[in-house]
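> Take this structure first; my questions come after.
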Amino acid sequence: MADDPAGRGAVLLVTPPPTPNGPLHLGHLSGPYVAGDVAARALRAAGRRVVTQCGLDAHQNYVLARAEANGETPADTVARYGSLIHAALRAARIRYDVMADPLADEAYRRAVAGLLTELVEAKVVEVAPVSLHACAACRRTLHHVRVVGRCPACGAGANGGTCEGCGGFCSAANLVDARSTCCDAPPEPVTHTVPVLRLDEHRERLAGFWSGAVLPPRLRRLVASYLDGGLPEVPLAYPTDWGIEWDDGLRIDVWAEMALANLLLPARHLRPDADTLAGYLDAWQDVDEQWIFLGVDNAFYYALLIPALHLAAGLPDRPTGLVVNEFYRLTGAKFSTSRGHAIWAHEFLADEDPQWCGRS
């Protein structure tokens with residue numbers, strides 16, 4: 001890729017990939033996707049070199065849960081809703097330079113798994129016995145959609161992952177009154193040897209990253225709460241039934257996949273021959289700054305987990321900004337794909353052409 005007119009490197013704009021457990025809704029579209037597209041157009045008009053990145057978040061176990069509810073294969077679920085997501089983005093005139101398709105792209109899956117292996121072999125990531133939880137009835141590992149309870153920080157209802165109320169990290173270990181969503185059974189502790197990232201070991205580098213990053217006040221409060229109260233350890237793979245296969249029957253956690261993909265995808269776009277950690281880090285020299293457009297429910301991962309893994313892998317800190325939108329609401333409740341409570345973007349855009357918005 002040629003240098004931009006000012007001789008500067010690229011501006012990387014990342015929009016979290018939508019989960020194909022349902023169509024894209026207007027809360028998604030009017031939040032990170034339109035915001036990121038507006039920024040890309042403005043930067044290109046100013047003569048900057050821009051790389052935009054998105055994809056499909058196909059390995060969330062919300063996809064598996066929806067497939068089971070619909071009586072179909074996960075691949076069919078991804079194909080059906082993925083086509084509606086792509087249709088909505090096309091109708092909104094939003095285009096990406098990098099659009100990951102995890103189920104269709106075997107090379108992507110190999111690269112993500114290979115990068116995790118490199119990080120383990122380099123002792124950046126530790127493989128160690130970790131206390132997890134399983135459903136007392138069916139023995140499924142309880143993570144993300146498979147467990148529900150109340151957030152230990154704010155008391156809001158939450159699944160495993162992040163709390164929509166406060167943005168904090170939730171798991172079967174710390175949710176209050178946790179139950180499995182598969183069998184409505186209590187979680188039982190189990191020990192598995194998995195790769196794990198201990199965020200507290202990266203406290204100093206994270207503090208330096210946060211001090212220079214552009215963060216909205218709500219995210220600054222979130223990261224400050226973790227600095228005061230302690231940073232968690234996050235498993236990067238699980239003994240589970242959905243996700244990229246890794247070592248010894250484990251599958252890579254979807255948010256670890258996101259962190260790994262966000263390191264390797266821009267690098268492979270800028271330098272297609274990059275296929276190792278050293279090559280990816282070298283390619284990132286062509287990136288001057290990055291901006292991430294996200295919903296508040298992804299705040300923990302983009303403000304803590306992803307930068308921690310990138311810094312631990314050796315990616316030099318660079319100017320970074322997180323542009324965060326709050327939830328859209330319909331009849332008083334937030335838009336929700338999993339609950340089917342939304343105005344769907346592809347249906348709305350069937351009658352509304354963005355090209356004519358604002359014109360009389």
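> Could you run through segment 145-155 and say how many residues are without any contact (Cβ under 8 Å) to a residue 40 or more places away in the chain and open to solvent by 30 Å² or more (accessible area, probe 1.4 Å)?
Selection size over segment 145-155: 5.
> Between Leu315, Leu322, Leu309, which is open to solvent by less than 30 Å² (accessible area, probe 1.4 Å), within 23 Å of Leu231 (Cβ to Cβ) and part of a loop (DSSP other than H, G, I, E, B)?
Within the list Leu315, Leu322, Leu309, the selection yields Leu315.
> From Leu199, Leu206, grab the single residue that is out of contact with any Asp or Glu (no Cβ under 9 Å at 6 or more places or on another chain) and open to solvent by less than 40 Å² (accessible area, probe 1.4 Å).
One residue alone meets the criteria, Leu206.
> Residues in segment 168-182: is at least one open to solvent by 30 Å² or more (accessible area, probe 1.4 Å), in a strand (DSSP E or B) and touching an Asp or Glu at 6+ places or on another chain (Cβ under 8 Å)?
The answer is no, given that none of the residues of segment 168-182 is open to solvent by 30 Å² or more (accessible area, probe 1.4 Å), in a strand (DSSP E or B) and touching an Asp or Glu at 6+ places or on another chain (Cβ under 8 Å).
> Which one of these is under 20 Å from the mean Cα position of the chain (by Cα) and either open to solvent by less than 10 Å² (accessible area, probe 1.4 Å) or under 22 Å from Phe348 (Cβ atoms) (or both): Leu64, Leu56?
Criteria check complete, one pass: Leu56.
> Among what's in segment 25-49 and is surrounded by 15 or more Cβ atoms within 10 Å (Cβ to Cβ), without any contact (Cβ under 8 Å) to a residue 60 or more places away in the chain and aliphatic (A, V, I, L, M), pick the residue that is nearest to Ile343 (Cα to Cα).
The qualifying residue nearest to Ile343 (Cα to Cα) is Ala40.
> Further question on the same structure: Do any residues in segment 268-292 that are polar (S, T, N, Q) have Cβ atoms under 7 Å from those of residues that are in a strand (DSSP E or B) and open to solvent by less than 40 Å² (accessible area, probe 1.4 Å), where the two are at least six apart or on different chains, and which pairs are they?
From segment 268-292, the pairs are Gln290/Leu12; Gln290/Val14; Gln290/Thr320.
> Working carefully through the options Val120, Val127, Val112, find the one that is at pLDDT 95 or above, of a type in the set (A, V, I, L, M) and either open to solvent by 50 Å² or more (accessible area, probe 1.4 Å) or more than 24 Å from Ala267 (Cβ to Cβ) (or both).
When all the criteria are applied, what remains is Val127.
One line per residue, one yes/no per condition, for (1) part of a loop (DSSP other than H, G, I, E, B); (2) modelled with pLDDT under 95; (3) touching a Pro at 6+ places or on another chain (Cβ under 8 Å):
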| position | (1), (2), (3) |
| --- | --- |
| Ala42 | no, no, no |
| Thr77 | no, no, yes |
| Ser83 | no, no, no |
| Ala88 | no, yes, yes |
| Arg93 | yes, yes, yes |
| Tyr96 | yes, no, no |
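> Can you tell me which residues in segment 275-306 are under 19 Å from Gly168 (Cα atoms) and part of a helix (DSSP H, G or I)?
Result: Val296, Asp297, Asn298, Ala299, Phe300, Tyr301, Tyr302, Ala303, Leu304, Leu305, Ile306.
> Among the residues that make up segment 233-243, is at least one of them open to solvent by 60 Å² or more (accessible area, probe 1.4 Å) and assigned to a strand (DSSP E or B)?
Yes, segment 233-243 contains a residue that is open to solvent by 60 Å² or more (accessible area, probe 1.4 Å) and assigned to a strand (DSSP E or B).
The values are calculated or read from the model by the stated rules, or taken from the named source; none is laboratory data. Computed from a prediction, not measured in an experiment: that's the story for all the values here. A quick note on method: Cβ atoms are made from the backbone with ideal geometry, for glycine too, and the neighbour counts reach across all protein chains shown. Ligands, DNA and RNA are stripped out before the accessible areas are found, and what is left, the full protein with its side chains, is counted by its heavy atoms. Shrake-Rupley method; radii C 1.70, N 1.55, O 1.52, S 1.80 Å.
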